[in-house]
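Every number in this text was worked out from the coordinates using simple rules, so none of it is lab data. Please read all numbers here as calculations on a predicted model, not as lab measurements. Don't worry about glycine lacking a Cβ; one is built from the backbone with ideal geometry, like all the others, and counts go over all protein chains shown.
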Amino acid sequence: MKTFLATHDYGMGGVWMLIDAESASQIRDAYPELEVVEDRPSFISDETVARLERDVHYDLASEPEGFLADLIERRAGRPS
């Protein structure tokens with residue numbers, strides 16, 4: 001498993017998160033709405049990474065929760 005930085009860009013901003021997965025393509029296959037970011041952008045500080053680690057760190061092998069569960073709900077046409 002490796003930890004990847006990913007974002008969901010909604011036009012006026014984005015939601016950033018960390019996702020544990022075997023590969024970036026595994027994330028893209030499961031959540032095509034997300035962009036997996038290979039190189040951390042300069043505006044994402046070490047402090048921001050620590051906050052993401054604490055608040056929005058998901059494991060692709062686990063049941064979807066939080067923002068990832070919301071994405072699945074939206075796909076199904078149900079409001080989150």
Exercise. Scan (1) 12.3, 36; (2) 23.6, 71; (3) 11.3, 35 for the value of Rg and Dmax of the Cα atoms in Å calculated from this model and give just the label.
Key: (1)
Quiz prompt | Estimated FRET transfer efficiency when R0 is 25 angstrom, pair Glu53-Asp9 (beta carbons, to 0.05) | solution = 0.75
Quiz prompt | DSSP-loop chymotrypsin sites (Phe, Trp or Tyr not before Pro) across region 8-55, with at most 15 other Cβ within 10 angstrom | solution = Tyr10, Phe43
Self-check item: Antiparallel bridges, percent of DSSP beta bridges restricted to region 2-75 (to nearest 5)
Solution: 80
Quiz item: Among residues other than Glu35 whose Cβ falls under 15 Å from its Cβ, what is the net charge (Lys/Arg +1, Asp/Glu -1)?
Solution: -3
Self-check item: Taking the chain and dividing mean pair separation by its residue count, relative contact order in percent (alpha carbons under 8 Å, at least six apart)
Solution: 29
Quiz item: Considering only the other residues whose Cβ falls under 13 Å of the Cβ of Asp59, what net charge follows from Lys and Arg at +1 and Asp and Glu at -1?
Solution: -4
